[in-house]
Amino acid sequence: MRTTLRAVRAVSARRVGSLATAKPALRTAPFLASAAAGFRVEAATALLQSCGRRNYSAAVTKVVRPTAEMYPEIVRDARFGELTAADVEYFKSILPESAILQDDQDLSGYNIDSMRKYNGQSRLVLKPRTTEEVSKIMKHCGERKLAVVPQGGNTGLVGGSVPVFDEIVISLANMNKIRSFDEVSGIIVVDAGCILEATDSFLAEHGYIFPLDLGAKGSCHIGGNVATNAGGLRLLRYGSLHGSVLGVEAVMADGTVVNGLGKLRKDNTGYDIKQLFIGSEGTLGVITGVSVLCPKRSKVVNVAFFGLDSYEKVQQAFVKAKSELGEVLSAFEFMDRESQIQVARFSELRRPLDEQHNFYVLVETSGSNREHDDEKLQNYLEGLMESEIIDDGVVAQDETQLKNIWTWREGIPESLARTGGVYKYDVSIPLEDLYLMVEDCRARLIEKGYEIGTEASNIVSVVGYGHLGDGNLHLNVAVKSYDKAIEKVLEPWVYEWIQKRQGSISAEHGLGFAKRPFLKYSKDQSMINLMKQVKEIYDPNGIMNPYKYI
């Protein structure tokens, strides 16, 4: 920030009223720039990069029971063929030996999901390098009725990217080339296996930005992002992938290649078929290529982090942000006290604020004129202090501080995963009721006889955080080990609660295996029937990512 945002400690909200004429500034974040003050770049980098990693954490080494054993009501589809030596020989004729995995140790990273909740039984992973190879694989699988699971970075949170039984895993990891980039229009065409962070880094060299950002960006694939219609941290500014994706190339269940890699912003010639693949979670075909419209990268980015004493004040801060920051507002993330306690347990970083607060908000602005953007943010923050909406806050002074303030938001999923396991509920709810769900969830668990956060209790914490600008709550129940009894207390109660408020049971993570039984809480039967009809047309034998979605 410019020098008018002075390096002074912000007075508490109680004292601001008497100093209104002095227009007090929030303090800066010098603690982040000093190793002596507890900051370590390596620690922050390691925490962020570990989010979404295939084998989540060395701290989580428990055996993951097979999904089919945990959910005995799910039965293998009798229509599907079983893998034979002849099938493997055929795949060896089109793929190099290094692209075929059959060893148990190699397979585990593809059978087990990132949360270590689901464990499939696949005996074969194929790693094609081209769309043509994917086509040959799918043609053979279609003829043999061999079920398949398309897999990207395997960072999903609903069990959608791993097998349930013996499905063949088709990993897109070797399809990781940037096919083209137009520096005038900002349109990039990529293989489905391109890693999000690497693609964004490429775009940064040309002054552009990928219109999606996730905590798992160091591992997730763009094809997987599109297949799940991932939301993330930039949706408030750039909208969903339904608007950013211009074209999709996909291989169908019978090996047919659908070449829809258009690079036009306007094309009003018939059905917009690509939209069916966005959010289809691999149930209609294997996405192999994507064209995306990317905006110019902002020259000026500011981040502020502040504490508040109630969810009502979080909403007030958001309303003011929309009206006072307007066109430069790029993120508005909220976190509760418990989420920050969990990050602090596993982080060597010193807390951004000295005292604990009931709620925290991270605000990011992105623009092109530093003087203009700094002034807007300064006025906004001063208004919050004078209105006694916030109690304390910090403003990042450089890129390093900015990234490490973000750690306290992006590091939440990994920190919770280190407790043992997490029941995750990614939901959309009207803003006024958003945090009520967290409070009601805690009350329900206690009512059912569970303690929270005690040495004897299996439940470590119940936390709420998310993208307030999108009405997207992440309700997380962290446990020492997964327990079907706890799951039954939570489900379908969570989804019934959401249905009563006309919310959505999945805001951005998709349906996968975890939410398939509960689709009725967000979609009526007529809509579900239409979805099933689409599935039957594109995948008549049901071999594409079975037991998921619908």
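The values are calculated or read from the model by the stated rules, or taken from the named source; none is laboratory data. What you are looking at is a predicted structure, and each value in this text was computed from that prediction instead of being measured. Note that we place each Cβ from the backbone using ideal geometry, even for glycine, and neighbour counts take in every protein chain shown. Heads up: the accessible areas ignore ligands, DNA and RNA and are worked out on the full protein's heavy atoms, side chains in. Shrake-Rupley method; radii C 1.70, N 1.55, O 1.52, S 1.80 Å.
DSSP assigns beta bridges within the chain; of those with both partners inside it, close to 85 percent run antiparallel.
Taking the longest Cα principal axis of the chain as reference, the axis of helix 41-50 is set at about 40 degrees. Given R0 = 35 Å, the distance between the Cβ atoms of V184 and A86 translates into a calculated FRET efficiency of 0.10.
Straight-line cross-link partners of K299 among the lysines, defined as a Cα under 19 Å from its Cα and at least 8 positions apart when in the same chain: K376, K403.
Compared with the alpha-carbon gap, the fully stretched path from Q121 to I341 is longer by 75.5 nm at 0.36 nm per residue. Can you tell me the 0 to 90 degree angle between the C-alpha axis of helix 525-538 and the longest principal axis of the chain, rounded to 10? The helix 525-538 is inclined about 50 degrees to the chain. Between the helical axis of 196-205 and the longest alpha-carbon principal axis of the chain there is an angle of about 60 degrees. Residue separation of E132 and T400 scaled by 0.36 nm, minus their Cα-Cα distance, works out to 92.2 nm of gained length.
Solvent-accessible area of T84, all protein chains in place: 60 Å² (probe radius 1.4 Å, heavy atoms, ligands and nucleic acids excluded). The mean sequence distance of close C-alpha pairs (under 8 Å, at least 6 residues apart), as a share of the length of the range 178-293, puts its relative contact order at 31 percent. Derived scalar couplings between HN and Hα for the range 388-402 equal 6, 7, 10, 9, 6, x, 9, 10, 5, 9, 7, 4, 5, 5, 4 Hz in order, rounded to whole Hz, by the Karplus curve 6.51 cos²θ - 1.76 cosθ + 1.60 (θ = phi - 60°), x for Gly and Pro. When the pairs K274/K520; K62/K139; K320/K523 are compared against a 27 Å limit on Cα-Cα distance, K62/K139; K320/K523 fall above it. Computed from the Cβ-Cβ distance with R0 of 41 Å, the FRET efficiency linking K480 to I273 stands at 0.35. Between the alpha-carbon centres of the range 180-205 and the range 515-550 there is a gap of 32 Å.
Straight-line cross-link partners of K136 among the lysines, defined as a Cα under 21 Å from its Cα and at least 8 positions apart when in the same chain: K92, K127, K145, K177. Approximating the spin labels as points 7 Å out from Cα along Cα→Cβ, the R516-to-S310 distance works out to 4.5 nm.
Evaluated at q = 0.10, 0.12 Å⁻¹, a Debye calculation over the C-alpha positions of the chain (equal weights, vacuum) places log10 I(q)/I(0) at -0.84, -1.19. Distance from a point 7 Å along Cα→Cβ of E73 to each backbone N in the range 510-528: keep the residues under 17 Å and list them by number. So the set is 512-522.
Between the exposed loop cleavage positions of the chain, defined as GluC sites (Glu not before Pro) in a non-H, G, I, E, B DSSP state with at most 14 neighbouring beta-carbon atoms within 10 angstrom, the longest gap is 184-347.
Averaging the sequence gap over all C-alpha pairs within less than 8 Å and six or more residues apart, then dividing by the number of residues, gives the range 420-509 a relative contact order of 44 percent.
A cut-off of 5 Å between modelled amide H atoms, ignoring neighbours fewer than 5 places along the same chain, links V422 with V479.
Based on Cα contacts under 8 Å between residues 6+ apart, the chain shows a relative contact order of 18 percent. In this label model, Q502 and D106 are separated by 5.3 nm, measuring between points 7 Å along each Cα→Cβ vector. Loop-located trypsin sites (Lys or Arg not before Pro) across the range 107-211 with a Cβ neighbour count of 14 or fewer within 10 Å are K177, with loop assigned by DSSP. Taking all protein chains together, R409, R444, R345 sort by accessible area into R345, R444, R409, largest first [probe 1.4 Å]. Here's how it looks for I187: its modeled amide H is under 5 Å from those of D182, C294, which are all 5 or more places away or on a different chain. Per residue, the accessible area of the chain comes to 41 Å², computed with a 1.4 Å probe over protein heavy atoms only.
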